[in-house]
Ligand code: CTP
């Protein structure tokens, strides 16, 4: 199968020396890409700035901003069977990027932000989508409720929810603990483990779900003929 995986944070420039970003390390997305390539799949990895070497044989597309990630994902989604959007995309970007370094303006400094485009939502809302769509939900509270809402709102097939409130799992950590929510209401939990082990389970689940989805489509096409 062909996998598209997004990973890492995005950087939204304020001026030539400053940006808005987040603490995503990219480890979960890179682990998924590595497991998928080792399982014999083709992988395009679209990553924001991270300190990780890309796994061998993975096609890496390095991006920086949410807009660049949006463009790269849309350029490659239709050639994919499974799209896994693991990146921590900035929700807002500065309304204006100063071409020169901003000087300390005084006591207070207000920065106007404008929303970025939602990459996951934009794929989920496409009626012609032929690929399995997986999103991640990084939450600090009411993890499963918030994740279930994202599954519905962004119209994905699977949401992988993780609690990022603990220092021992989630962002920056090597370990993670996730709950997988499926569109049909089914839920599965993977208890705390190294991200590479979690990635192995996730890739199995994504591959099975994609196979089921494609089988169902083939049956529908055959029945129509
Ligand atoms: N996502 C995206 N594009 C954005 C923001 C998020 O594709 N502009 C994707 C992420 O890659 C992830 C999912 O949406 O798969 C959920 O991201 P998250 O940051 O948890 O949720 P948000 O939609 O940003 O909502 P909130 O910050 O309010 O929790």
- Task: Could you list, in sequence order, all residues of the range 36-58 that are buried (at least 24 other Cβ atoms within 10 Å of the Cβ) and over 30 Å from residue 104 (Cβ atoms)?
- Result: 36, 43, 45, 46, 47
- What number of residues in the range 2-20 are out of contact with any strand residue (DSSP E or B) (no Cβ under 6 Å at 6 or more places or on another chain) and either in a loop (DSSP other than H, G, I, E, B) or closer than 19 Å to residue 202 by Cα (or both)? 3
- Message: Among the residues that make up the range 167-186, is at least one of them assigned to a strand (DSSP E or B), out of contact with any helix residue (DSSP H, G or I) (no Cβ under 6 Å at 6 or more places or on another chain), within 11 Å of the ligand (Cβ to nearest atom) and at negative phi?
- Response: no
- Note on the structure: Among residues of the range 150-166 being within 9 Å of the ligand (Cβ to nearest atom) and in a helix (DSSP H, G or I), the residue farthest from the chain's Cα centre (by Cα) is 153
- Query: Across the range 91-113, which residue is nearest to residue 10 (Cα to Cα) among those that are more than 12 Å from the ligand (Cβ to nearest atom) and part of a strand (DSSP E or B)?
  - Reply: 94
- Could you list all residues from the range 21-43 that are out of contact with any helix residue (DSSP H, G or I) (no Cβ under 6 Å at 6 or more places or on another chain), within 13 Å of the ligand (Cβ to nearest atom) and not in a loop (DSSP other than H, G, I, E, B)? 29
- Hey, any hits in the range 103-120 for a residue that's crowded, with 20+ Cβ neighbours inside 10 Å, within 25 Å of residue 214 (Cα to Cα) and under 17 Å from the mean Cα position of the chain (by Cα)? yes
- Matching entry among 81, 15, 67 (being in contact (Cβ under 8 Å) with a residue 40 or more places away in the chain and in contact with a helix residue (DSSP H, G or I) (Cβ under 7 Å, 6 or more places away or on another chain)): 81
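Any read-out appearing in this document is the output of simple, stated calculations on the displayed coordinates, not a laboratory observation. On a predicted model such as this, the values are computed, not experimentally measured, just so you know. In this analysis, Cβ positions are derived from the backbone assuming ideal geometry, glycine residues included, and neighbour counts consider all displayed protein chains.
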